[in-house]
Every structure is written in structure tokens, then in C-alpha cells.
Number of protein chains: 2
Amino acid sequence: MARDRLIYLPLGGAGEIGMNCYVYGYGPEGNERLIVVDTGVTFPDMDSSPGVNLIMADVGWLIERIDRVEAIFITHAHEDHVGALGLLHGQLDLPVHARPFTAAIARLKLEEQGRNPDVVHEVAAWPASVQAGPFRVGFMPVAHSIPESSALVIDTPAGRIVHTGDFKLDTDPVVGEPFDPDSWKDVARNGLLALVCDSTNVFSPTPGRSESTLAGPIADLVRGASGLVVATTFASNVARLKTLAQAGVDAGRSIVVMGRAMKRMIAVAQATGILTDFPPTVAQEDAPRMPRDNLMILVTGSQGERRAGSAQLANGKYNGITLREGDMFLFSSKTIPGNEVSVNRIVNAFSEMGVEVVDDCDGLYHVSGHANRPDLETLHDLLRPRFLVPMHGEHRHLREHARIAADKGISSVIAPNGAMVELTGNAPRVVEHVESGRRYLDGNVLIGALDGIVRDRIRMALNGHVAVSMVIDEDDEPLGGVWVETHGLPDPAGREHSLAELMEEGIEYQLQRAGDHVMTSDDALEELITRAVRKIGQELVGKRPECRVMINRLVGG
Amino acid sequence: MARDRLIYLPLGGAGEIGMNCYVYGYGPEGNERLIVVDTGVTFPDMDSSPGVNLIMADVGWLIERIDRVEAIFITHAHEDHVGALGLLHGQLDLPVHARPFTAAIARLKLEEQGRNPDVVHEVAAWPASVQAGPFRVGFMPVAHSIPESSALVIDTPAGRIVHTGDFKLDTDPVVGEPFDPDSWKDVARNGLLALVCDSTNVFSPTPGRSESTLAGPIADLVRGASGLVVATTFASNVARLKTLAQAGVDAGRSIVVMGRAMKRMIAVAQATGILTDFPPTVAQEDAPRMPRDNLMILVTGSQGERRAGSAQLANGKYNGITLREGDMFLFSSKTIPGNEVSVNRIVNAFSEMGVEVVDDCDGLYHVSGHANRPDLETLHDLLRPRFLVPMHGEHRHLREHARIAADKGISSVIAPNGAMVELTGNAPRVVEHVESGRRYLDGNVLIGALDGIVRDRIRMALNGHVAVSMVIDEDDEPLGGVWVETHGLPDPAGREHSLAELMEEGIEYQLQRAGDHVMTSDDALEELITRAVRKIGQELVGKRPECRVMINRLVGG
């Protein structure tokens, strides 16, 4: 009989920030019982995934072993941890465990996709726990930028694992439980086999600041404002919303919340009892009629998202509100790399309106939800794990985190997505590389990132598209001319004819010279025409377009 | 007779960073004689300009008044100041004035486009000057991140203007003339009408650091390295290249320069006598055979450009060189907003190879070429201009710069691209808005940004493309079926047929129900088919594709 082993396998989130999806397994080699931690998404961009709606981990490896998978555990309700649950649950039809706030969001994700929300089970905070095959899993509260974030305490026959999820050390997180070193020490009092640890902020050299440090500066800022005040932050940062709203109320302003995601998060936080003292708000329909200096609006769109409140205000009007000279707009957020251009577009639009834009350049109005390097070290020192496995980070983050562990004499390993790590040995080591990758929600269809569909769209974006249609008669002779339609292509400079006309001419010239073996073969014709289109495109406008050829043959009769 | 006036008109660079192009005019209103300062480009991105090669200011306003334009002055040889010269000179066939290094690059730009390089005239540094209509223009040396940058001292009948170009205050710039407050004071000793001033770094709160501060840290870094050392910076930063190369030589390493742009800049700087003591280099063919610890390579691609040296090394091999564990890669540069994702991709690829990546997070290995806020104030105070016109910056930068001037009691104005400012009055004020915008070099054709060509490509990238072809016989009846070709579109989930087949079916169904008036009208048919394609796309895969319809009608005979 094969010996039992404990494995860790990241399918998403290791080698990137976002799209978290991790697997643990215990049992005989190749026949382990498995659990899944988080089913997150990441977001598309024009460079690599134009037109895509959402990106998630390819969980094909799990689906092939679905009879061995016990359950899904969700650490917290951020999109990059729970966003793919509804989309994947059709194939991963498993019980889901989460704390109440996260469970409420998880149920919404399932309902959105027409799945049964009753598979979600609520779990109380550690020391409560759930048995799932050989694993017993507890939810240890941690501070982050969303309520009820949890580290998982995973007991296995081979020892205890702490999987941190996303976390920071905050002794006064405004909403939720403060960091308590003693309870962490208690978790590790009988020894900790492995700490599987968030690496997002490993390059931030100074200790992280508490959410509570923002209340004063934000209150001062709002109190000093004279016109309308609008603030944005991440919709799920309920503690921040509370701080912002309280600053508004303290400055004698009524609070209006705009944006579906933000309203939903507040509603769920109130319904689950996490948020008990959010200031009273005013209906958004009333906002346009209120005196500007008595009003503070909280809106979505801190990352410059096209359809969110911030972008709509920058475009001119949103829910009847137009910003103007003397108003203030606060980004209580940081700009995630890749979103700089979108955010700057909004800032400049506000600048043109005369709106004073306040961002977090001075660090006064935003703190990160992730543990910085010294905080990571504090946790390492508190828990003193035998192994440290860095997760949730780009490769450079995982590498740096592993280096820190090595400096402390803790055995570590860099395990990007697809690298299966065995934790039952003298050191963690990669024992297998499994196929991993990305799936796209494209429109309403799930496709593979490498299916070629998105690649074709990128090529059209770069090179344009040419469609060619022609009719060939019963004698294999062209009937009428060749028809070319270009899309997204310029016409050549200084020519009387359009690119399409010049392509038609060029193709017809080629056809006249082609032999019968070409005219009778659709494949040969298509090749000849495609080659002509690319060559003429390159010569006349410097582009080699995508090409589709449609040959209509008349059949005798 | 209309009174004479002095005008300033930004056509590019005001309301953005990049694509600099400014106009000054003096003479009777509406009949001023004009000069152009800089003809720069900016770079495309997938979000707004996929497939575009270069972006430049629309100079249509100048072309319409070409008989009134005297000359073009180039402040320095960065792409965002000189890059469009060759492309625009066909329509702006004017003498070009620049200092020798800049002139050499300007000539290359003209030659690349098959234009006559002899239109470029070399001008010595201030107090030398050139007369151009009512303007006398001198080139006042300033420090920047490329040799021979100049502020223009523009004498007009209405008074003196200083147009800073891009600049910083550097008393030890490694290459070129140090900042000398007395010579600046001298320029303004008889009073300065207007300072038209770079705003790029107006949000940087601390005084800028000198290029010379980098030599020590870079030398220490290279001396401490054990494997191969590769460093990248902006190809045109000749001073930095010298510092990097010297650090290599001092550590006993041979220097190899790789990348066309970098070699060209060094060659031009040497040919124009600016760079006299660049260390000897080794041919790149010899690099693969040299001991790694005796070699330092300088490469292009500090912004993650796909084809440049850094990206190629990240992909595996470049000119016979492959990086590996123990090597070091230094980014002696900052990442320009929008390039974060490309640069991070490279950093992570190096991380996977085990290469130590050093970037400028600690500020040790790169300094900016632009004046920070305190430096701007130093210049304001030295020159004490009557008017301050902020240029080269996004709207938020111009606004902040104008605010600083206002705080000093200097009259200012925010003039984004297209805003014509009159400088002959009690305060600078916008007197007219002229049509401005962007032109794209798309393949080898110049197109307008709003021509719809790039918009169509973006739509294809987001929504895919469908081409429909059909044959209609002499009796206005479809002959054979409808033919649909999809491109960049997924097939619907859980269906036996492809999207193209289902669209064919759906269109044929619609055609059967359509009356004769549809079948006889190509417009009506096209509308019916396009509508059916979009509707079916939306229903089956959640996408409304771009559509091209090609109806082949057989004519009787």
C-alpha cells in the first residue's frame, strides 16, 4: 500500500495577485482526499484578454478527481477569493464552508449563476471547526480590508497547517476582531507543520498601519471642505466606508451611497450583524436636491472602472449629480498596477471641472489590507512553523518571501500554480507539476485561455480584418468580381482607390494567372486569396490583416 | 489695422505627458507670424489605440496657415519632442533649428521618412540665437535626461519668453552643462514676460537629485555582484549609460552595449563631441564567450517593450546570452505609468530564472530628468516672470502648477491643447479654442484618431467579427444557404452546432419570413442580417459582434 502523504497544490494565486485557488490533499500517494481553499477570479485587460468578462483558474485537475474532493472553503468574500464560485460550482458541486458574511456573498455568487445556494454552510470562528475527510478546518479571524476574513487552521494526520488567506496585523481594524498575538501563539502551541502565507506586500519595508489611523485625517479633510464631497474606496471595505461616512456625519453632512456593489456590501454586513453602527444614509434620489455643502457621497469605482460611479461623475453626470469647481473628490484607495491610466483619466477630468482631487499620495487616507514585510516576520516568529510556503503573489513576491524564511532558518519552497508540494518530508518540495492555467468567461461562455478565440480578437485589434466573398460557376470560373470588405483598416495614402478595391483588383489578377487546380479547390483558392490579402495589406498600408474567405460555388442543375 | 498680439498655442503636450508641440505667434490678430516648438510623438496602447505605431499631434491648424509659419525649433532629442518630425515634415516643410546633438537625431528622423535632412540647421548655445520672423530664439542649456537639452529664450516685440522644454536643476549632470543660477538670472535681468514651464514633476514634493549621486550606489552594486550583470535604462540617457559603464569597468568588467537605439545614441553623442570619455566596449558577438563575472551588458527595454533587450532576455535568449541563477539585472529607470504590467512580467520571468532583480524602489539607482516642485519654485523665483504658463503635463499637473504660481502672485492660466493664449494683456488668457487632436501612424498610413478605423478594431477585439456571404439569383431568391464565418467568437456551451451554424440557421429563418421588398434591397437585407447576427450572438454567447454582409447577386443573362 502507498504511504500517506500531505500535499499542497496552488491552481491560482501563486505566481500572480488574484484568482486564488489552492488544494490540500492527504492520503495514499495519487489517491489523496482533497479540499479546495478559495475559488477566485482575476480581471481581464485589453493587452491580453480583450472582451473577456472574468478570468478564473482552470480546475480541470480537480474535476478529473471530483470523487476525491471533499469540500470548498472560502477565506473571505473578495472577488479574487470567491468570485468564481458560481461559475465553477456546476463542475465542482461540493459543500462550501465559510463564515456568515462570506457565506452570504458566496450564496449570492451561486444564485447569480442559477446554482443552489444551500450548499453553503456557515461556520463560526475558531475554535469551531469542520471535518472534511482527513482534514479538520477552523476559521481563525484576521484583519483585512473586508469583514470576517479568516486564516484557516487545517489539522491533518501529518500535522497542523495555517493557511493565512489575505491578512494584515491590525490591533484596531474598526470593523471585526483585532490582532491578538496570544491567540496566534495558542494555535501554534503544539507546533506548526506549515505556514502557507500571503505574500502580496512582501516588498513593503515598513510595518503596516492600522485602519483606525485614517479616521482623524479623513475627518479633518471632510471638515475642511466647502463644496460637495465625494469619496470612493473598494466597495467591500466596509470599515473604510464606515470611517468615511462617520467623517461626513461629524462634519454635518448627509451621507448618500451610490453604486450597486457598495450598497450590497453594506446591506450584507448589516444583515449579518457585522456592521451595527453605520451612520444613517439618505436615498440617492434626494441627493441632487440637497445643499452641496451638506452632502457627502460614497461611490464605487476607485480603480477607474468604466461603468462605476467615479467614471460616470468624471464623464459629467451620475444619478443627477454633476461635480463642479469647489467640490472635492477623495480616492481613499490605492491604484492597483495596471489601472493607472484609467484612474488618471478620471483625475484629469475632475481637474478640468475644477474639482479638488485628493488621493493617497501622502498615505493619510488609505492603508493596505495586506501584511508588510515586518508584519510577515512577526507572524513567522509567533508561529515558528517548520515549513513556510509563500502564496498569493507574483513569482518575485514568492521568491522574496521564501528568502526571508530561509534567513530565519525556516524551510521554504517556491511553488507557483501547478506545482504540487509534498509537506510530509524533511523539507517542502515540489513533487509534481500538474496542468494548470486560466479559463475565461467570454460573454456567457467558459473558454480556455489558449483556445485561440481571444488570440484571434487580439490579432484583429492589431491588424484589422478582411472578408472576401466570390461566386464560382458550374464551370469553375469566377462569376462576377471578387468582393472584399475591410474592417478596421486604413485606406492607402495618395491613392484614388480604397484598400478594398485595390485588394479586389490584386486578387482578380492572381486568379487570372491561377491554374485550374486552384479554381477547383476551395483550400487552394483560400490560400491564394489569404496570401494576396496579406501581401497587398503589407505593401499598401503596412498591415497584414486577419482574413476570412467565402467561396460560393454554383452547382450544376 | 488690427493691433499686434503675442500668442501661445499648445497643439500637443498640454493635457498629457508626451507628444509635445507648441506654437508661438506674433503679429496682427489672425495674421500672426508663427513658429513651432517641438514635434513629438506619444505611444499607443491596447486600450485606446491597438495596432497603432505612433501617435502625434494633429497639426491641421498649422498646415492651413503654412505660409505664416517661419520655422520649427526642437528643444531636445527625446521622442516626445522630435519623434514626429519626419512624419510631419511633408506637410510642415520648414527649416528646423536645433543644437548639434539634437540636430543629428532630427536628421535621422527625416532620413527615415525619406525627407531631406538638410533643412536642419545647427545652432550654438545661448547667447547665440536665430531670427525667425518677429522672433529671435536662443538655446539655453538645461539639464535633463538626454544631452544638449535646451530651454528656448524667445525674444518678441512684446517681450521675452522662456520656454523651458523638459528640464531639471542639476549642478552636476555628469554629461553637459551644470545648472547655473547666475546665467538664468542674467536671462531675466531686463524682466521676463512669460515663463512657459515643464509641469511633469509638479507633484514631487522634494528637491530633485543630481545625476551624479548615482555613481556611488551603482558602483557599489556592480562591485558586489558575482555573476553576469545586465543593466537597462532609457536609451537616450547618455549620462546614465556612462555612469553604468564606468561602474562596470571599475569592477573589472568588460562592457557590451546591446540594442539599436542605445548604440545609436552613444554613437551620435560621440560623433557630436558630447561624449568623449565613454569606456571602451566589447563587440556583442564576443559577449557569449566571455566569463560571466567579467561582463556587464547594457540593454534597451527599461519599459518592458516587447522587442527590446530586457524582454528578449526575459523570454530566454538575446544575442546568445541567457540569464541564470546568480546573475543580476538592474533597472536604472522608473516605470512610466501604464507600463507596470509589462515591466512586472519581465521581473517575474527573471525571478523564475533565479536572477536577482534590482529596481529603483529605494531611489538609489535612478533620478528623474524633470524639475520637482521645489525646483520649479526655484526657477520661478530666479526668473520672476510676469506670466507663468504651465505646459507638458496632464491637466492635473497644469492645474497644480498654475496654483503654485498663483500663490506667488504670478498671473497664470491653464491652457490645454487647442487653447490659444494671448500674452499681450494684463494677464494671460485663453482667447480662442482651435481644433486640435491626435493623428495616428497606422501601419504606414497617417489617419485621424477619430476616423473610426481604430474604433472598429477595438470593437472587434471586444465583440469578435462575423462575415456573412450569400448568393441571390435572378429571381431575388437565395441560391444555396447563407454562409457565416465567425472570428474571435466562442461557440455556445452545450450545443451540438457551432455559433456560425446556428447563425446561418437563424438568418435563413428570418429570410424565409422576409417580404420581397427585403430580398430586392441590399440595404434592407444587410440590416436584417446584421440585426439577426447581433441578436443571436447576444443570446447564444453573450456578445454582439461586428458584422460584414456580402450579398452576391446573379444578374440575368
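FYI, it's all coordinate maths here, none of it is from the lab. The shown structure was predicted, so the numbers you read here are calculated from the model rather than taken from an experiment. Methodologically, a virtual Cβ is constructed for each residue, glycine included, from the backbone with ideal geometry; neighbour enumeration extends over all protein chains shown.
Numbers at a glance
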read-out: Estimated Rh, the stretch B:167-206: Kirkwood, alpha-carbon pairs, angstrom; value: 12.3 Å
read-out: For A:E435, label point 7 Å along C-beta direction: distances to other copies, nm; value: 5.6
read-out: CD proxy at 222 nm, helix term only [per DSSP H run n ≥ 4: -39500 (n - 2.57); per residue of chain A; nearest 500]; value: -8500 deg cm²/dmol
read-out: Compactness of the stretch B:22-81, expressed as Rg and Dmax over alpha-carbon positions, Å; value: 14.3, 44
read-out: Shortest-first distances to equivalent copies, position B:L554, nm, label 7 Å out along Cβ; value: 0.4
read-out: Separation between Cα centres of the stretch B:10-59 and the stretch A:1-60, rounded to whole Å; value: 48 Å
read-out: Cα pair distances exceeding 36 angstrom across chain A, given as percent; value: 46 percent
read-out: Stokes-Einstein diffusion coefficient of the stretch A:343-467, Kirkwood radius over Cα pairs, 10 °C, 1.306 mPa s, in µm²/s; value: 81 µm²/s
read-out: Nonlocal amide H pairs with B:V257, under 5 Å, H built at 1.01 Å; value: B:V282, B:L298
read-out: Degrees, to the nearest 10: B:395-407 long Cα axis against longest axis of chain B; value: 30 degrees
read-out: Charged-residue dipole, Cβ positions (Lys, Arg, Asp, Glu), the stretch A:264-312 about Cα centre, Debye nearest 20; value: 200 debye
read-out: Estimated inter-spin distance, B:Q113 and B:D4, nm [label 7 Å along Cα→Cβ]; value: 3.2 nm
read-out: Average projected area [Cα convex hull, the stretch B:464-553], square nanometres; value: 5.3 nm²
read-out: HN-Hα J in Hz across the stretch B:514-521 - Karplus 6.51, -1.76, 1.60, θ = phi - 60°, x for Gly and Pro; value: 7, x, 4, 4, 6, 5, 8, 10
read-out: Under-5 Å amide H pairs with B:G443, H placed in peptide plane, nonlocal only; value: B:N53
read-out: Interchain or long-range residues, amide H under 5 Å from B:V431's placed H; value: B:M420, B:V421, B:E422
read-out: Contact order normalised by residue count of the stretch B:464-553, Cα under 8 Å, 6+ apart, percent; value: 40 percent
read-out: 0 to 90° range, to nearest 10: angle between helix B:373-383 axis and chain B longest Cα axis; value: 50 degrees
read-out: Rel. contact order, % - alpha carbon contacts under 8 angstrom, at least six apart, chain B; value: 14 percent
read-out: Hydrodynamic radius by Kirkwood, which averages 1/r over all alpha carbon pairs of the stretch A:23-168, in angstrom; value: 15.6 Å
read-out: Among B:G542, B:H465, B:L525 - extreme Cα towards positive end, dipole of the stretch B:464-553, charges at beta-carbon; value: B:G542
read-out: Distance between modelled label sites at B:T520 and A:R531, nm, 7 Å Cα→Cβ extension; value: 4.5 nm
read-out: Of every Cα-Cα pair in the stretch B:1-102, the percent that sits beyond 21 Å; value: 35 percent
read-out: For the stretch A:63-80, Karplus couplings with θ = phi - 60° (6.51, -1.76, 1.60), whole Hz, Gly/Pro x; value: 4, 5, 10, 4, 5, 9, 9, 8, 5, 10, 10, 10, 6, 6, 9, 5, 4, 7
read-out: Note, ³J(HN,Hα) from phi for the stretch A:489-504, Karplus 6.51, -1.76, 1.60, rounded to Hz, x at Gly and Pro; value: 10, x, 8, x, 6, x, 10, 6, 9, 6, 4, 4, 5, 5, 5, 4
read-out: Nm distances between copies for A:N190, ranked from closest, using label points 7 Å along Cα→Cβ; value: 9.1
read-out: Over the stretch A:101-167, relative contact order from alpha-carbon pairs under 8 Å, at least 6 apart, %; value: 20 percent
read-out: Distance histogram in 20 Å bins (all Cα pairs of the protein assembly as shown, percent per bin); value: 11, 35, 38, 16, 1, 0
read-out: Cα long-axis angle, helix A:100-112 against chain A (0 to 90 degrees, to the nearest 10); value: 20 degrees
read-out: Debye-sum result for the stretch A:396-469 in log10 I(q)/I(0), which assumes one identical scatterer on each alpha carbon, at q = 0.18, 0.24, 0.28 Å⁻¹; value: -0.84, -1.08, -1.23
read-out: Estimated translational D of the stretch B:184-238 in µm²/s (Stokes, Kirkwood radius over Cα pairs; 4 °C; 1.567 mPa s); value: 82 µm²/s
read-out: Kirkwood hydrodynamic radius (C-alpha pairs) into Stokes-Einstein, the stretch B:222-288, 10 °C and 1.306 mPa s, D in µm²/s; value: 128 µm²/s
read-out: The stretch A:369-445: GluC sites (Glu not before Pro) in DSSP coil with no more than 14 other Cβ atoms inside 10 Å; value: A:E435
read-out: Distance between the stretch A:103-177 and the stretch A:221-289 - C-alpha centres, whole angstrom; value: 27 Å
read-out: Listed residue (B:P478, A:A194, A:H392) projecting farthest to the positive dipole end of the protein assembly as shown, Cβ model; value: A:A194
